[in-house]
1. Using a Förster radius of 25 Å, what is the FRET efficiency between residue 188 and residue 158 based on their Cβ-Cβ separation? Nearest 0.05, please.
2. Going 7 Å from the Cα of residue 135 along its beta-carbon direction, which residues of the stretch 85-125 have the amide nitrogen within less than 15 Å of the resulting point?
3. What does the C-alpha gyration tensor say about the overall shape of the chain? Classify as rounded when a/c is under 1.5, otherwise prolate if a/b is larger than b/c, or oblate.
4. Could you order 222, 75 by accessible surface area, starting with the largest, using a probe radius of 1.4 Å?
5. What number comes out for the charge environment of residue 219, summing +1 per Lys or Arg and -1 per Asp or Glu over other residues with Cβ under 10 Å away?
6. For the chain, find the longest principal axis of its Cα atoms and tell me its angle to the long axis of helix 31-44, 0 to 90°, nearest 10.
7. In the neighborhood of residue 71, defined by Cβ-to-Cβ distances under 13 Å, what is the net charge if each Lys or Arg adds +1 and each Asp or Glu adds -1?
8. Return the unpartnered cysteines for the chain, using a Cβ-Cβ cut-off of under 4.7 Å.
Amino acid sequence: ISLGWLIFAPKSYVPDPRYRPNDSYNLKGYSIVGFGIAIILILLSCFAMVGTKNVGVPTVFGKTTGETYGAGLNFKAPWVSVTDIDGTVQVEEYKDEDCIYVKIADGGTACVSMSYRWRITSDGADQVYADYRNSEDDIVDAVKKALVSTPVKTSINEELGKFDPLSGADLTPDMTAEEIANLKLNTILPYKEYSAAIQKNVDEQVAELGGLVEIYSVKISFLK
């Protein structure tokens, strides 16, 4: 608008030549006001604020640039848009009726109460945004369903499939029902040992996904 005003506005304007013939105004000079506002707006558009522990994903006309911005004030080109991706640690918990059902080594079914902590990595934020921005769910929820829940549940099934509560029991074919009922079995799961094994299994699966997410810890608290 300022450029158009500079080109097409009359050079001078006389309010009333009959009474004030010597008064005139240089109208083109007013374009400097518009140019000043434009410069301020351009300068403001060169900065983007990224929230604490979030990751900024820059895009140019809808396409990611392959870079990411850290938390705080970041300098960018005016035509670059920046989207905040939640990079905080997410805590997921399964317990009571929401426990995870698995098959254990003796063929029985067990239900696992557990929790795990995860987050989207700063290096993978741009790829996550490109892959899941059009999802019906929030980006974090979409990533959890696609990249986190499945590896965690798969690892739990693989590791707990090795747990046999009947191992070491002195079972014989001629035992009576009363003798079987009085057997003392060690059905307590070694939680730390299995949590560590599940964590290792999860890390291997997540690494195959390209390091888009990081799962900090997996803790089993109860096996029913």
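1. Step by step, r from the Cβ atoms, then E = 0.75.
2. 85-88, 90-92, 118-121, 124-125
3. In terms of gyration-tensor shape, prolate.
4. On the way: 222 105, 75 145 Å².
So the residues, ranked largest to smallest area, are 75, 222.
5. Spelling it out: positives minus negatives among the neighbours equals +1.
6. Value to nearest ten degrees: 10.
7. Once all neighbours under 13 Å are counted, the net charge is -1.
8. Isolated Cys, the chain: 46.
The values are calculated or read from the model by the stated rules, or taken from the named source; none is laboratory data. All of these numbers come straight from a predicted model, not from anything done at the bench. Heads up, the Cβs are rebuilt from the backbone with ideal geometry, glycines too, and the neighbour counts pull from every protein chain shown. Side chains included, ligands, DNA and RNA excluded: accessible areas come from the protein's heavy atoms. Shrake-Rupley method; radii C 1.70, N 1.55, O 1.52, S 1.80 Å.
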